[in-house]
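Data block below; observations after.
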Amino acid sequence: MQSVEQRDEVEMLSLMLLIRRFEERASQQYQAQKIGGFCHLYIGQEAVVAGAIAAVRDDDYVITAYRDHAHALARGTSADACMAELFGKEAGCSRGLGGSMHFFNRQNHMYGGHAIVGAHVPLAVGLAFAIKYRGEDRVTLCFFGDGAINQGSFHEALNLAALFKLPIVFICENNLFAMGTSVKRSTSLKQIVDRAEGYDIPGEIVDGMNFREVRDKIAEIVNSIRKEPHPAFVEIRTYRYRGHSMSDPASYRTKQELEKYRLDDPITRLRAQLTREGKLTNEQFDQIDKHAKETVLASVKFAEKSPQLPLDKLYDYTYANGAKP
Amino acid sequence: MREITYRQALNEALAEELERDPDVFLMGEEVAEYNGAYKVSQGLLERFGPRRIIDTPISENGFAGLGVGAAMVGLRPIIEFMTFSFSLVAFDQVVNNAPNMFTMSGGQFNIPITFRGPNGPAHQLGATHSHATEPLYANSPGLKICTPATPRDAKGLLKTAVRDNNPVLVLEAELLYSSKGMVEPPDEELLIPLGRAEVKREGSDVSIVCYAQTVRLALATAAKLEEEDISAEIVDLRSIKPLDEKAIFDSVAKTHRVVIVEQDRPFCGVGAEVCYRIQENIFDELDAPILRVSQKDVPMPYNERLEKAVLPNADKLIAAVKKVCYA
C-alpha cells in the first residue's frame, strides 16, 4: 500500500491535469451527443480532490456527490473506465448502468457517485460506522457541495457522526453556487463552516485553489482521527469554471468573477510552486500535459469501440442473486 | 413445537441472527435501553451490548442511510422503524439508495440490509400513523418485501431476510405482536424462504388471497363461511415481492373464484397486481370476476366508527365471497 508521504507532488499535478483534460474531452463528447443524461464538470476544483486524496491511504473510504468524475480518477479508476461509463458501455466503471453521476470503484474504495443532493452523507456516516464497528483505523472522506448543507439528511448525518464519534471528514466543496443559487441566497450563515459548530464538530476553512494547503490540512485532520476516531468538517473554498451541468450557461455570475478565479488556477499555482522550487521544468510539464491529453483521447477511442451491455443482462443487476422477482 | 407470541418469535429471530453473525447489528429508535417501543428487542442490549444494539435519535433518514452505507462495506444492519409510517421520512434512503445501489454500481455493491417494524393500520392512530406501505415499496425494483402473519412466519422470514444479500423489508403488524402460534423449538433452525406463499387453510369453492393482518380475518371468516357450506381456501402471500404467482394460480385453478382481502388501499395496491396477474395468466380458469376487499380510499379517520368503515372486516369479506360464488 502506498503511504501518504510517498505521494509525489508532480504525480498529483499529473492527476490534476488528467482530470482537467478528461473533463474538457467529456464536454466535447457531450456536445457531440456521445454522452447522454446530465454531465457535471469539475474544472477549477481539481486541487480539492487531489489534495484530499494525497492526504489519505489507499484503503480509506471515499464517497461523493454527482460531480464525481474527478474522485473516481483520483481513486485510480482508469480514464478508459470513466469515459466508457459516460458512453454507457459495459467496460465502464459501473458497467454503463450508472452514468456520469454514479461512478463506483469497489476495489479502490470509491463508494460513489450519488445524485440526490445530501442523500449520500448518511451513507458516508455508515461507512465510518463500519470502520469503528470493526475497530479499524481507516477514515472516510465524504465530499459534497455547498448545496447539500441545507438538506435534512446532511444535518441528521452530522449529528449521528458526532454522537457516535465516527472517523469521518466532511468535505464541503464550496464552489459558491448550488446550481444557479449562490450561497448567499441559500444559506443563513455567513460562513458554511459554522454548520459544524452546531454539532460540536471541529471545522476549518481551506483555500481550495491551493493543493498544498488542502493536502496538509486534511493530513493533519486524518492523523488526529486515526489516533482517536471523531468527525471533522472542512469548508474548502473553490470555484467551478463551467456551469452547474452541461446545459447551464452560468449566466448568474459575472465574467469578471470567473476571470478572477481563473487567474488563481489550482494547476497553474501548483505548477508555479514546483517550478520555483526546481522540482519541475517547463519541458516536464508539457510532457505531463501531453500524456494526459493522449490518455484521454485514447479513452474516447476505447469507449467508442466498447460493446454495450447485452439486452439479455437487463435483469442481472437488480438483485444480488440475479433472479427476476 | 411450542406456543409463543409473534413478538417473542421476532425477538428469537433477532437474537439467533445476532448470535450467528458478528456483522449483524440492530439499530433504531428505542431499540436498546427502552427494550423496543413494542418490546420486540427486549433483553437484546443486555445480551449483545451497546456496540450491536444501538439507540438512535429520531432521525429516520439519517440512520436508515447509515445502515445502507454500513451495508456497502459488508455489515448486515437490521434497521427498526418504530412504525413503517415513519419510514416515509426515510423514503429516499429505502427507495433511492438501498435498492438502486446494486444496479447503479454495475453489480459492485449489493446492500444486505433488513428494514423492519410494524406496518399497516392499528387502532385509532389516525392518518399519519396508519399507513400500509407495501404498495409504495413494492413499486421499487431491488427491494424484497415480506409480511408475516403468524409467529412461525415472523421468525422464519425475519431470519431469512437478515441472511439475504439484498434490501428486505419485514413488514410486521402492531395488532399481531401479542398473537400466539406454534413455532419450532429454538434449537431447530427455522428459515422460511422469501417469495413463497402458504395455503393456511384448504378449501374448494373460493380462494381468499390475503397477507399480514388480513390472514387472521380470512381464517375467521372461512370458519363462518363453512357454516353456510362455502369452502374457502386461504392463501397467505407471506411475501409481496417476490410474489408467489404459482401458489395463487394453483389455488385459483382449483376453486375458480377469487377474493383478495388486503390491508392497504385499493388504488395501485397489492390486490390490483394480484388481480392483473391472474387475468393475464389464467383468465380461463375464472368462473366469476375477481373481487377485492381493501381499505376505502381515504386518509384514515381517527373516529372509531369511521375507521371500522374504512377497514376490511368479516361482513365485507363474506359479502364479496358470496358475490363471486353467486350465493
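The values are calculated or read from the model by the stated rules, or taken from the named source; none is laboratory data. Note that the structure is predicted; figures quoted are calculated from it, not measured. In this analysis, Cβ positions are derived from the backbone assuming ideal geometry, glycine residues included, and neighbour counts consider all displayed protein chains. For the accessible areas, the whole protein counts, side chains as well, though only heavy atoms, and no ligand, DNA or RNA atoms are used. Shrake-Rupley method; radii C 1.70, N 1.55, O 1.52, S 1.80 Å.
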Checklist entry - Looking at B:Ala127, B:Ala70, which is the one that is over 16 Å from the mean Cα position of the chain (by Cα), within 14 Å of chain A (Cβ to nearest Cβ) and small (Gly, Ala, Ser)? => result B:Ala70
Checklist outcome for this item: Of the candidates A:Tyr239, A:Tyr317, the one satisfying the condition of being closer than 24 Å to A:Phe211 by Cβ, crowded, with 18+ Cβ neighbours inside 10 Å and among the aromatic types (Phe, Trp, Tyr) is A:Tyr239
Item to check | Meets criteria (modelled with pLDDT under 95, open to solvent by less than 20 Å² (accessible area, probe 1.4 Å), touching a Cys at 6+ places or on another chain (Cβ under 9 Å) and more than 30 Å from A:Lys165 (Cα to Cα)) for A:Ser299 | outcome: no
Checklist outcome for this item: From the option list B:Ala247, B:Ala288, single residue qualifying as more than 19 Å from the chain's Cα centre (by Cα) and in contact (Cβ under 8 Å) with a residue 12 or more places away in the chain is B:Ala288
Item to check | Unique residue being of a type outside the set (Asp, Glu), open to solvent by less than 10 Å² (accessible area, probe 1.4 Å) and either more than 10 Å from every other protein chain (Cβ to nearest Cβ) or touching a residue at least 60 places away in the same chain (Cβ under 8 Å) (or both) when the list is B:Gly106, B:Gly142, B:Gly117 | outcome: B:Gly117
Checklist entry - Can you name the residue in the range B:73-93 that is in contact (Cβ under 8 Å) with a residue 24 or more places away in the chain, open to solvent by 10 Å² or more (accessible area, probe 1.4 Å) and facing chain A (nearest Cβ under 8 Å) and, of all such residues, is nearest to A:Gly92 (Cα to Cα)? => result B:Gly74
Next on the checklist: I'd like to know if the range A:68-87 contains one or more residues that are closer than 22 Å to B:Ser87 by Cβ and either outside any loop (DSSP other than H, G, I, E, B) or open to solvent by less than 20 Å² (accessible area, probe 1.4 Å) (or both).
Outcome noted: no
Checklist outcome for this item: Quick count over the range B:30-53, residues being open to solvent by 10 Å² or more (accessible area, probe 1.4 Å), within 14 Å of chain A (Cβ to nearest Cβ) and touching a residue at least 24 places away in the same chain (Cβ under 8 Å), is 3
Checklist outcome for this item: Inside the range B:127-139, the number of residues satisfying the requirement of being assigned to a loop (DSSP other than H, G, I, E, B) and either open to solvent by 10 Å² or more (accessible area, probe 1.4 Å) or not assigned by TED's automatic domain parsing to the domain that holds B:Leu88 (or both) is 3
Next on the checklist: Being among the small types (Gly, Ala, Ser) and more than 26 Å from A:Asp59 (Cα to Cα) is the requirement here; does A:Ala178 meet it?
Outcome noted: yes
Checklist entry - B:Pro57 fails exactly one of the following numbered conditions: (1) within 13 Å of chain A (Cβ to nearest Cβ); (2) in contact with a strand residue (DSSP E or B) (Cβ under 9 Å, 6 or more places away or on another chain); (3) open to solvent by 10 Å² or more (accessible area, probe 1.4 Å). What is the number of that condition? => result (2)
Next on the checklist: So if I check each of A:Tyr317, A:Tyr252, which one is under 30 Å from B:Gly195 (Cα atoms) and touching a residue at least 60 places away in the same chain (Cβ under 8 Å)?
Outcome noted: A:Tyr317
Checklist entry - Taking the condition polar (S, T, N, Q), open to solvent by 40 Å² or more (accessible area, probe 1.4 Å) and within 20 Å of the chain's Cα centre (by Cα), does A:Thr281 pass? => result no
Checklist entry - Of the residues that sit in the range B:237-269 and are part of a helix (DSSP H, G or I), open to solvent by 10 Å² or more (accessible area, probe 1.4 Å) and of a type in the set (A, V, I, L, M), which one is farthest from the other protein chains (Cβ to nearest Cβ)? => result B:Ala253
Item to check | Residue check for B:Asn96: surrounded by fewer than 22 Cβ atoms within 10 Å (Cβ to Cβ) and touching a Ser or Thr at 6+ places or on another chain (Cβ under 9 Å) | outcome: yes
Next on the checklist: Take the conditions open to solvent by 50 Å² or more (accessible area, probe 1.4 Å) and assigned to a loop (DSSP other than H, G, I, E, B) and apply them to A:Asp216. Does it pass?
Outcome noted: no
Next on the checklist: Any residue that is more than 13 Å from chain B (Cβ to nearest Cβ) and farther than 24 Å from A:Ser306 by Cβ - is there at least one of those in the range A:85-108?
Outcome noted: no
Checklist entry - Which of the residues belonging to the range A:264-278 are over 14 Å from A:Met12 (Cα atoms) and within 23 Å of the chain's Cα centre (by Cα)? => result A:Asp264, A:Asp265
Next on the checklist: When the residues of the range B:158-187 are narrowed to those that are at pLDDT below 95 and charged (D, E, K, R), which ends up surrounded by the most Cβ atoms within 10 Å (Cβ to Cβ)?
Outcome noted: B:Glu174
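To keep it simple, each residue is scored yes or no on (1) at the interface with chain B (Cβ under 9 Å from one of its Cβ atoms); (2) touching a strand residue (DSSP E or B) at 6+ places or on another chain (Cβ under 7 Å); (3) open to solvent by 20 Å² or more (accessible area, probe 1.4 Å).
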residue: A:Val121; (1), (2), (3): yes, yes, no
residue: A:Ala128; (1), (2), (3): yes, yes, no
residue: A:Asp137; (1), (2), (3): no, no, yes
residue: A:Leu141; (1), (2), (3): no, yes, no
residue: A:Val193; (1), (2), (3): no, yes, no
residue: A:Ala196; (1), (2), (3): no, yes, no
residue: A:Gly203; (1), (2), (3): no, yes, yes
Checklist outcome for this item: Within the range A:85-104, residues free of Cβ contacts under 8 Å to residues at least 40 places away in the same chain and either touching a strand residue (DSSP E or B) at 6+ places or on another chain (Cβ under 6 Å) or more than 20 Å from A:Arg25 (Cβ to Cβ) (or both) come out as A:Cys93, A:His102, A:Phe103, A:Phe104
Next on the checklist: Residues to consider are A:Gly180, A:Gly152; find the one that is closer than 23 Å to A:Ala26 by Cβ and surrounded by fewer than 24 Cβ atoms within 10 Å (Cβ to Cβ).
Outcome noted: A:Gly180
